[in-house]
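Everything on this sheet refers to the single structure shown next.
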Amino acid sequence: MTPLLQVKNIRKFYGARIGCKDVTFDLYPGEVMGIVGESGSGKSTLLNSLAGHLAPDCGEVIFDTRADGPVDTVTMSEPERRMLSRTDWAFVHQHARDGLRMSVSAGGNIGERLMAVGGRHYGSIRERAADWLARVEISENRIDDRPSAFSGGMQQRLQIARNLVTGPRLVFMDEPTGGLDVSVQARLLDLLRGLVREMGLSAIIVTHDLAVVRLLADRLMVMKDGCVLETGLTDQVLDDPQHGYTQLLVSSVLHV
Amino acid sequence: MSDYNFAYLDEQTKRMIRRAILKGLAVPGYQVPFASREMPMPYGWGTGGVQVSAATLTPDDTLKVIDQGADDTTNAVSIRKFFEKTAGIATTERTARASVIQTRHRIPEAELTEDQILVYQVPIPEPLRFLEPRETETRKMHALEEYGLMHVKLYEDISQHGAIATAYAYPVKVEGRYVMDPSPIPKFDNPKMEMAAIQLFGAGREQRIYALPPYTQVVSLDFEDHPFEASKADHPCDLCGAEDSYLDEVILDDAGGRMFVCSDTDYCRSRREAGHSGRLGGEAA
Ligand SMILES: [Zn+2]
């Protein structure tokens, strides 16, 4: 099977300061990769380099495109990369307001990607927006409300709906449950797990919260100081960490 | 008149503006940056249009200036006087006699010809502005033809009002390429933009010029199930009886009396001079 994403030797420095270096992994269709580490570990730099928000200093991010098969997204043209990022890719930000248009209704937020790829029938755009609201457990009668009237958890679910409406194959998530109350987090995780399974999504999830990866990720990558320390199946890494740092990480969580 | 260079601006500045105009004509609908000059009038008064007119006018031109369709508003009168004084050119209120027409908020009703130039005063040239305030991003969206946001705006309109409520500055797509703000003309005027005359748009404060060459394709954005409509008040003009012109509603008295009259004052007068008359044509004219 061709990997959906092949990450090869990604390196990103900020001047002399290391962002991340020599990161290499494959992601297969339907697989969820968790990237854990403390803040400053380089996990967000890596995610943004993979998603095309940052230009890596070197390395390849090869995506198996529908039309042309595997293509390096680092060197593809900007229009192609932007097209990819609103069709087959999705990006869920930690802060919903970074991923939503706060002055646009919930329906408009969900419909934007449809309209961006040529949707020109109001009725069917609205129908799909309503359908997606339901799928993220937001009442359809909130379709004309602005996200500013929503709770934090609802905003995050709306952001997810807005991203998934075009049926992307790869979702990047940056601390998707960060900043939410614990009970709200649990519901969101449940929802994400359901959507990932149902849609057969591939995802790369960056988080400092091991509970998130325990629930969502098939595989795990542990980062520190810009480098990957350990990779493996999630349960293996969490239950039998090999690297000293991972052992610390796991035990500190257990004591929370 | 000898106190000023012809049409107030120095020749260097006019050349710079003409280059922007030519570039605009070469790339219809594309917003060309230009170094807007201070003009002896406030920005809200159409300094962008005035600079474009100044760079366009020649001593042989005849200028008409309209504001909301009328030649006699303060704004229109002062711009007309400005060019009478600084350029010594002839002015007119007759659409057909003008070679350059500067306008705010309307396109004349009379069909314009290949010998004419229509100059629009533009307050906000960027149609994507209200949804995407970052200029770096809107430029990129234009460059890459990423115009989904325009339909988000129309979607919001329909979801809130049941129909596309945008009545002015209704966005258009030019030659299947650039999305353009036609300035705050009523959407009734949008179909007229496919015309024989050259159309130039000047935004002073925002320092942008854009243009439509003659016979350029200009399509108003819409949805398949909510098609564009060039609507107007469903009424004939009470003075000249015209059924095809854009109307202003005028309140006549405290008792709720009102009348509809052509917003294009020259069109209305020309029709009445030709013998046409509306409901109140006898008395009010
Ligand atoms: Zn009339």
(request) Quickly run through region A:206-225 and pick out the residues that are assigned to a helix (DSSP H, G or I) and buried (at least 21 other Cβ atoms within 10 Å of the Cβ). (result) A:Leu210, A:Val212, A:Val213, A:Leu216
(request) Mind listing just one residue for me: the one in region B:263-282 that is open to solvent by less than 50 Å² (accessible area, probe 1.4 Å) and over 17 Å from B:Asp71 (Cα atoms) and, of those, farthest from the ligand (Cβ to nearest atom)? (result) B:Leu280
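Here is a yes/no grid of residues against (1) over 25 Å from A:His243 (Cβ atoms); (2) part of a loop (DSSP other than H, G, I, E, B); (3) in the same structural domain as A:Asn163 (by TED's automatic domain parsing):
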{"residue": "A:Gln6", "(1), (2), (3)": "no, no, no"}
{"residue": "A:Gly52", "(1), (2), (3)": "yes, yes, no"}
{"residue": "A:Ala55", "(1), (2), (3)": "yes, yes, no"}
{"residue": "A:Val71", "(1), (2), (3)": "yes, no, no"}
{"residue": "A:Met76", "(1), (2), (3)": "yes, yes, no"}
{"residue": "A:Arg82", "(1), (2), (3)": "yes, no, no"}
(request) Would you check which residues across region A:49-80 are closer than 12 Å to A:Ile10 by Cβ and in contact (Cβ under 8 Å) with a residue 60 or more places away in the chain and list them? (result) A:Leu50, A:Ala51
(request) Could you tell me whether region B:225-240 includes any residue that is part of a strand (DSSP E or B) and either at pLDDT 95 or above or under 17 Å from B:Leu118 (Cα atoms) (or both)? (result) yes
(request) For residues that are more than 13 Å from chain B (Cβ to nearest Cβ) and either open to solvent by less than 40 Å² (accessible area, probe 1.4 Å) or not small (Gly, Ala, Ser) (or both), tally how many sit in region A:134-146. (result) 4
(request) Give the residues of region A:149-183 that are farther than 22 Å from A:Ser105 by Cα, crowded, with 22+ Cβ neighbours inside 10 Å and modelled with pLDDT under 95, sorted by residue number. (result) A:Thr177
(request) Looking for whichever is farther than 26 Å from A:Arg120 by Cα and away from chain A (no Cβ under 14 Å) here; the options are B:Ile185, B:Ile107. Which one fits? (result) B:Ile107
(message) Condition first: modelled with pLDDT under 95 and within 8 Å of chain B (Cβ to nearest Cβ). Can you find one or more residues in region A:120-132 that meet it?
(response) no
(request) List every residue pair whose Cβ atoms sit under 8 Å apart, with the two residues 6 or more apart in sequence or on different chains, where the first one lies in region A:207-224 and is within 17 Å of A:Glu31 (Cα to Cα) and of a type in the set (Phe, Trp, Tyr) and the second, anywhere, is part of a helix (DSSP H, G or I) and open to solvent by less than 60 Å² (accessible area, probe 1.4 Å). (result) none
(request) Scan A:Gly200, A:Gly226, A:Gly232, A:Gly244 and give me the residue that is at pLDDT below 95 and more than 26 Å from A:Leu164 (Cα to Cα). (result) A:Gly244
(message) Restricting to region B:219-262, and then to whatever is aliphatic (A, V, I, L, M) and open to solvent by 50 Å² or more (accessible area, probe 1.4 Å), can you tell me which residue is farthest from the ligand (Cβ to nearest atom)?
(response) B:Val219
(message) B:His142 - would you say it is within 13 Å of chain A (Cβ to nearest Cβ), touching a residue at least 60 places away in the same chain (Cβ under 8 Å) and either surrounded by fewer than 19 Cβ atoms within 10 Å (Cβ to Cβ) or over 17 Å from B:Tyr30 (Cβ atoms) (or both)?
(response) no
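One line per residue, one yes/no per condition, for (1) open to solvent by 50 Å² or more (accessible area, probe 1.4 Å); (2) in contact (Cβ under 8 Å) with a residue 60 or more places away in the chain; (3) within 18 Å of A:Leu46 (Cα to Cα):
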site	(1), (2), (3)
A:Val196	no, yes, no
A:Ile204	no, yes, yes
A:Cys227	no, yes, yes
A:Thr231	yes, yes, yes
A:Thr234	no, yes, no
(message) Tell me yes or no: at least one residue of region B:153-175 is within 14 Å of chain A (Cβ to nearest Cβ), basic (Lys, Arg), more than 17 Å from B:Gly24 (Cα to Cα) and over 13 Å from the mean Cα position of the chain (by Cα).
(response) yes
(message) Every residue in region A:236-251 that is open to solvent by 60 Å² or more (accessible area, probe 1.4 Å) and under 20 Å from A:Ser39 (Cβ atoms), please.
(response) A:His243, A:Gln247, A:Leu248
(request) State the number of residues belonging to region B:132-166 that are touching a Ser or Thr at 6+ places or on another chain (Cβ under 8 Å) and part of a loop (DSSP other than H, G, I, E, B). (result) 1
(request) Looking for whichever is under 18 Å from B:Gly69 (Cα atoms) and of a type in the set (A, V, I, L, M, F, W, C) here; the options are B:Phe228, B:Phe223, B:Phe260. Which one fits? (result) B:Phe260
(request) Hey, can you tell me all the residues within region A:90-118 that are more than 8 Å from chain B (Cβ to nearest Cβ), surrounded by fewer than 21 Cβ atoms within 10 Å (Cβ to Cβ) and outside any helix (DSSP H, G or I)? (result) A:His93, A:Gln94, A:His95, A:Met102, A:Gly118
(message) Which count do you get for residues in region A:79-116 that are more than 22 Å from B:Val152 (Cβ to Cβ) and not polar (S, T, N, Q)?
(response) 1
(request) Return a yes/no flag: does region B:118-128 have any residue that is over 28 Å from B:Val77 (Cα atoms) and within 14 Å of chain A (Cβ to nearest Cβ). (result) yes
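The values are calculated or read from the model by the stated rules, or taken from the named source; none is laboratory data. In this text the structure is predicted, and so the values were computed from the model without any measurement. Heads up, the Cβs are rebuilt from the backbone with ideal geometry, glycines too, and the neighbour counts pull from every protein chain shown. Ligands, DNA and RNA are stripped out before the accessible areas are found, and what is left, the full protein with its side chains, is counted by its heavy atoms. Shrake-Rupley method; radii C 1.70, N 1.55, O 1.52, S 1.80 Å.
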